[in-house]
Structure formats: structure tokens, C-alpha cells
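These notes are about the structure you will find just below.
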Amino acid sequence: MSDAAPPIVVGFDESDGARAALRWAMDEGARGGAPVDLVYAFDWPVMDGAASLAPAVWPDYGARDEAGKAVTAAVAQTHERHPDVAVTGAVVAGAATAVLVERSHRARLVVLGGRGAGGFAGQLVGSTSVSVSAHARCPVVVVRGREPAAGAPVVVGVDGSDQALLAVEFAFAAAAGRGTSLQVVRAGDQPAHVDAARAETAGLVSAWRDTYPQVPASVHVVAGSAAAALVEASGGAQLVAVGSRGRGGFRGLLLGSVSQQLLYHADCPVAVVRALPT
């Protein structure tokens, strides 16, 4: 078994969103010493069934070559910005969601733009970003919103679910790597239960203080919508982390409503945590 650090996998398609995702991933790789793997998924359309052995649409080899050139150029450009980060790139046959979910089993992170080249005008987030966030086997970061300020805090949403606990661990590590503070936000409790929720959340935070003593962490408990509170907090954050599905979700639902609202409306990159890399 290789001892190499798991890579940060970036879904790339030449869109502005994908280029922003690549810049974010390279910065993250520089902070954590992780290699970056740029993946351009290229899906060949073919005819199903035995009616014909010929593809319905012949593969556009010129388009694939252009994709390869775009990946090579992106790798070269990003290496100039971060020469100490090992970066590779490849064009891979297959649908983007399937390729990226498969890569997530061996990745530290999967990083995507908020909306790719195939998105409809006015669409707030791409279908690939939502699907990969729902199925990946490592944290997924969707880079959207403004360029975050370097000193801004990391924000994490908690609700007592197991996946929220994973998000807290991820967020503490992210804040430590950035040398910034952490804001732990819990919302949705009835006003009469706010004090109890604050005490419970403070206990959760204290469990991580010994591991990350350099991270100033504060607890914010509010009544009302968790999604609204986190979207508002994203306006002053450099990253918001949430579990993929909280304890209020329906059984079998892979991506909760709070996660989806952040993917659509947050004003900074969003980390959706289903599992942490092993």
C-alpha cells in the first residue's frame, strides 16, 4: 500500500467555476502538503443495446484533444503559482458525477465549482456539484460566492447528528490550517431550549480544544432556520462546513435541506462532509 498523501481531486471543465475551484484546491494543497489531481471527465455518447455496433454519435476526438490541451495548460499555470504543490491532470472517460464519486474513495477532498460549463444561464449551482456532494466518500468543497477574506473565520453548522460531528472535526482542522477562528452555529431550536442547546454545543466544542488549542472557537445558538442562519454567516466567512444530512432529514435522503440551501445560496465556499478520509 502506498504511503502517499491522498490527493485533492478537482473536477475541471474549463468553466470559470472550475478555474476558481482549481485555485482554491491549490491554495489548500499548499496549506496541507497535499497533491492536487485535476480530472476532466469526458463522456462519450453511445447507442445502447444490440441494434447496432456503431456509436450513435461518433466520438469527437478533436474535442477530446482540446480537453487534454486545456488540462495541460491548467496544470502548467497552477504549478507556476504554487511550485511546491504536486499537481497532475488527466482526461478520463465517463460521466462527471460517476468519475468524481469513484475518485472520492481515495481522495482527501473533492473540489468543484459552483456551476460548470454545462449549466443553464441563471442556475445557482450545477447538478454535478449537488450529486457529488450527496454521494462522495470524502468531504466535498463547492467553491462559490465571493473571494473570501484571508482572516475571516471558518463556520460550521451543528445539530447533534453524527455527520455534524464529522463536520466539526473537519472545520477545526480547516481553521487550524488557515490560522483563523471557528464559529460553531446551531439553529432551529425553540427559544425555550436555546440555553440547553448552547450548553450542549459548548461541550461538543470543548472536546476539540485540546486537539486544536490554537483555534479560538465560539458558539452561536439561535432560534429559527438553520439554513438561513448559516447563509447569513457565510457572508463573513471564508468557508462554511456542514454534514451532508442532519438529524431532521428523511431516512434515505443523501443530502439534507440545509446542505442544499448552502450549495445554492452561500456567499463563500461550502464543505459538505459525509465522511472523512482514512
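The values are calculated or read from the model by the stated rules, or taken from the named source; none is laboratory data. For clarity, every value in this text was computed on a predicted model and none was experimentally measured. Cβ atoms come from the backbone with ideal geometry, glycine included; neighbour counts cover every protein chain shown.
Some notes on this structure:
- Tabulated pairs, the range 205-220, first at positive phi, second outside any helix (DSSP H, G or I), C-beta under 7 angstrom, 6+ apart or interchain: none
- Residue check, Ala86 small (Gly, Ala, Ser), modelled with pLDDT of 95 or more and surrounded by 19 or more Cβ atoms within 10 Å (Cβ to Cβ): no
- Residue in the range 94-101 that is in a loop (DSSP other than H, G, I, E, B), at pLDDT below 95, surrounded by 13 or more Cβ atoms within 10 Å (Cβ to Cβ) and not acidic (Asp, Glu) present: yes
- Matching residues, the range 145-172, being crowded, with 20+ Cβ neighbours inside 10 Å and not in a loop (DSSP other than H, G, I, E, B): Val154, Val155, Val156, Gly157, Val158, Gln163, Ala164, Ala167, Val168, Phe170, Ala171, Phe172
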